[in-house]
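Peer 1: I'd like to ask you about the structure that follows.
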Amino acid sequence: VEKAAGSNTAHSDFGRVAFCKTGRWDMSNENRITAIKNVQDSIPQLIVDMQKSKDANSENGRQQMLKEIFADLDLQKILIGTEKEGKLRERNFANNLLSLPEEMREEMIARYLEALSAQNTTENRSQVQRFFSKFREAVGDKEIVLSELLTARMKELRALFTTNQGEYTILPDSEIAFGKYPEATRPLSQFRTLAKDEEFLEKYSDLVKMHCSQSPEMANLYTKQVLLEEDDLGYGPEFETQLPGSQRMLFFPHPTPKKLDAFCDMLVAKKVAFIITLCTPLRETKQEAPLVPYYDTTELNSKNCLTNGRKIECISLREIQKGKEMTEYDKEGRLVHRKLLVSSGNEEHAVDHLHYENWPDMQASPDLDLLEEMHRERRTILQDRDQPVAVHCKHGVGRTANVAITDCCIQTILHELENGKKLEEITLNPFEIIFELRKTRPRLAVHQSQMSQVFEIVGRFYEEIRK
């Protein structure tokens, strides 16, 4: 459906965007009507494609696919095991392999991993990624110790399957001038107009994504960060950046319970002065992997997440402003400021915490006025640009990108003014800024609706200081 709608769609959730009065991503009424017309014209072909897909996913089609993946007949027999109909069933793969006698297990696991690896560049990649993940989980659940050789091979495959090949097409010999879009550098007076220019926003958002997809360095860093987020308990330099004239910033996902000790240590060690939280953990968490609101002392203590005397205490809380409309969470947005006291070892460190509550995941801010107020409060509370700022949402890529780009733009403007430049002489290029930020966090999202809000908020800031 998205393909039929052409470039007018801004998100794969097309049905909701096209047919509802409001969508998760911005879309003009004219573009919505065009998209619906394109879909209507393409329905006959879509029905044919859907039938092909249905046939391919039928039981016979799936068995054929699995036999192609696992062409080794000895391995096939092991994977089938005692299945009555003699069919390959994904649910049995890991258990059948790990239940083998030790003298057979090592060799068959090695064959299984090689079969998965061989599919990495085929259309079956997503399937074998899932097989590999389930096998890893089963090894952990059964607490089976593999040989050093197999452990090393598992590590290699994990990195291989983690790389997002859909987004990062490796073209090391490309001669494209990465991240340079001089024609998108504009005076601040044009920003609010550009915020409504869908063609301009779409063109340069796509250019940033295309250039990033051709960067081997970003592909490698993407893989490294995913693995660090899952395995490493620390927060290294991979999560930090500082652009000229801007603040030192850290971007990361909401800390999981197992990383809260390291999170606490990082706040103290790096002297983080300010945290901006853009998610609401209790509404965005999974039952099997709950996120703990570290800024809520009662909730934090009840979970016993911090060890060895570490503490995060909420000293004060102030409600700044409530939003005007209900969000998807059946509550209006809310902006609050907390003063946190963080203790690690023998050190204590005070941190300002600005929290935009009830901003739903996977979309631009539902309340521009509340977003503008958040940036205004951030400037009021922390004016020293030598002190680091941490920004995170649930995954540290969507809402985080929205706020980080805007903050960098505003800090750059203030830096230029401090160095004697006149307001009307200042020009900015938010697309080059997001490209530079992606060198630190490659998964930062670049969406047309998000960039529209960046231009709008920066344009409002320009008008505010101009007055």
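The values are calculated or read from the model by the stated rules, or taken from the named source; none is laboratory data. Note that the coordinates shown come from a computational prediction; the quantities given were computed from them, not determined experimentally. A quick note on method: Cβ atoms are made from the backbone with ideal geometry, for glycine too, and the neighbour counts reach across all protein chains shown.
Peer 1: When the range 73-108 is examined, which residues are found to be in contact with an Asp or Glu (Cβ under 7 Å, 6 or more places away or on another chain) and in a loop (DSSP other than H, G, I, E, B)?
Peer 2: Of all residues in the range 73-108, those in contact with an Asp or Glu (Cβ under 7 Å, 6 or more places away or on another chain) come to 89, 92.
Residue satisfying the conditions is R89 alone.
Peer 1: Do we find that G333 is farther than 19 Å from H392 by Cβ, modelled with pLDDT of 85 or more and crowded, with 20+ Cβ neighbours inside 10 Å in this structure?
Peer 2: Values: farther than 19 Å from H392 by Cβ: no; modelled with pLDDT of 85 or more: yes; crowded, with 20+ Cβ neighbours inside 10 Å: yes.
So G333 does not fit the description; no.
Peer 1: Just checking, which of F239, F251 is under 18 Å from the mean Cα position of the chain (by Cα), modelled with pLDDT under 85, crowded, with 17+ Cβ neighbours inside 10 Å and closer than 22 Å to C409 by Cα?
Peer 2: On the way: F251 fails: modelled with pLDDT under 85.
Of the residues listed, the single one that is under 18 Å from the mean Cα position of the chain (by Cα), modelled with pLDDT under 85, crowded, with 17+ Cβ neighbours inside 10 Å and closer than 22 Å to C409 by Cα is F239.
Peer 1: For the range 73-94, which positions are exposed (fewer than 13 other Cβ atoms within 10 Å of the Cβ) and either of a type outside the set (K, R) or under 34 Å from the mean Cα position of the chain (by Cα) (or both)?
Peer 2: L73, D74, T82, E85, G86, R91
Peer 1: So which residues in the range 291-318 are among the β-branched types (V, I, T) and either closer than 24 Å to H395 by Cα or assigned to a helix (DSSP H, G or I) (or both), if there are any at all? Show your work before the answer.
Peer 2: Here is the first cut: in the range 291-318, the residues among the β-branched types (V, I, T) are 292, 297-298, 307, 312, 315.
V292, T297, T298, I312, listed by residue number.
Peer 1: Please count how many residues of the range 300-330 are touching a residue at least 12 places away in the same chain (Cβ under 8 Å) and over 17 Å from P281 (Cβ atoms). Break it down into steps so the answer makes sense when it comes.
Peer 2: Looking only at the range 300-330, we keep the residues that are touching a residue at least 12 places away in the same chain (Cβ under 8 Å), and these are 300, 303, 305-325, 327-329.
Going one step further and asking which of them are over 17 Å from P281 (Cβ atoms), we end up with 307-311, 313, 315-316, 318-325.
Final tally of qualifying residues: 16.
Peer 1: Report, ordered by the first and then the second residue, all pairs with beta carbons closer than 6 Å, sequence separation of six or more or different chains, a first member in the range 331-342 that is over 16 Å from S365 (Cα atoms) and free of Cβ contacts under 8 Å to residues at least 60 places away in the same chain, and a second member that is surrounded by fewer than 20 Cβ atoms within 10 Å (Cβ to Cβ) and among the polar types (S, T, N, Q).
Peer 2: K339/S316
Peer 1: Right, here's the next one. Among the residues of the range 53-74, is there at least one that is at pLDDT below 70, more than 27 Å from A138 (Cα to Cα) and of a type outside the set (G, A, S)? Show your work before the answer.
Peer 2: The first filter runs over the range 53-74 and keeps only residues at pLDDT below 70, leaving 53-57.
Still in the running and more than 27 Å from A138 (Cα to Cα): 53-56.
Next cut, of a type outside the set (G, A, S) only: 54-55.
Yes, the range 53-74 has at least one match.
Peer 1: Please give the number of the condition P290 fails out of (1) at pLDDT 75 or above; (2) surrounded by fewer than 19 Cβ atoms within 10 Å (Cβ to Cβ); (3) closer than 28 Å to D330 by Cβ.
Peer 2: Failed condition: (1).
Peer 1: Within the range 431-466, track down each residue that is within 26 Å of T223 (Cβ to Cβ) and basic (K, R).
Peer 2: Within the range 431-466, R438, K439, R441, R443 meet the criteria.
Peer 1: Could you go through the range 341-349 and let me know if any residue there is assigned to a strand (DSSP E or B) and among the hydrophobic types (A, V, I, L, M, F, W, C).
Peer 2: Start the filter on the range 341-349 by keeping residues that are assigned to a strand (DSSP E or B), which leaves 341-344, 347-349.
Restricting the remaining residues to those that are among the hydrophobic types (A, V, I, L, M, F, W, C) gives 341-342.
The answer is yes; a qualifying residue exists.
Peer 1: Would you confirm whether or not the range 313-326 contains a residue that is of a type outside the set (D, E, K, R), loosely packed, with under 15 Cβ neighbours inside 10 Å, touching a Leu at 6+ places or on another chain (Cβ under 6 Å) and over 27 Å from P244 (Cβ atoms)?
Peer 2: Step one: list which residues in the range 313-326 are of a type outside the set (D, E, K, R), which gives 314-317, 320-321, 323, 326.
In the following step, the residues that additionally are loosely packed, with under 15 Cβ neighbours inside 10 Å were identified as 315-317, 326.
Those still in the list that are touching a Leu at 6+ places or on another chain (Cβ under 6 Å) too: 315.
Right, trim to over 27 Å from P244 (Cβ atoms) and you get 315.
Yes, because at least one residue in the range 313-326 is of a type outside the set (D, E, K, R), loosely packed, with under 15 Cβ neighbours inside 10 Å, touching a Leu at 6+ places or on another chain (Cβ under 6 Å) and over 27 Å from P244 (Cβ atoms).
Peer 1: Report yes if L382 is under 15 Å from I275 (Cα atoms) and at pLDDT 95 or above, otherwise no. Step through it out loud before you land on a result.
Peer 2: Numbers: under 15 Å from I275 (Cα atoms): yes; at pLDDT 95 or above: no.
No: the conditions fail for L382.
Peer 1: Now, a different point. If the Cβ limit is 9 Å and pairs must be 6+ apart or interchain, which residue in the range 207-219 that is without any contact (Cβ under 8 Å) to a residue 24 or more places away in the chain pairs with which residue that is buried (at least 20 other Cβ atoms within 10 Å of the Cβ) and part of a loop (DSSP other than H, G, I, E, B)?
Peer 2: none
Peer 1: Right, S42: hydroxyl-bearing (S, T, Y) and surrounded by 15 or more Cβ atoms within 10 Å (Cβ to Cβ) or not?
Peer 2: On the way: hydroxyl-bearing (S, T, Y): yes; surrounded by 15 or more Cβ atoms within 10 Å (Cβ to Cβ): yes.
Yes.
Peer 1: Out of all the residues in the range 67-88, which are in contact (Cβ under 8 Å) with a residue 24 or more places away in the chain and more than 20 Å from N120 (Cβ to Cβ)?
Peer 2: Correct list: D74, I78, K87.
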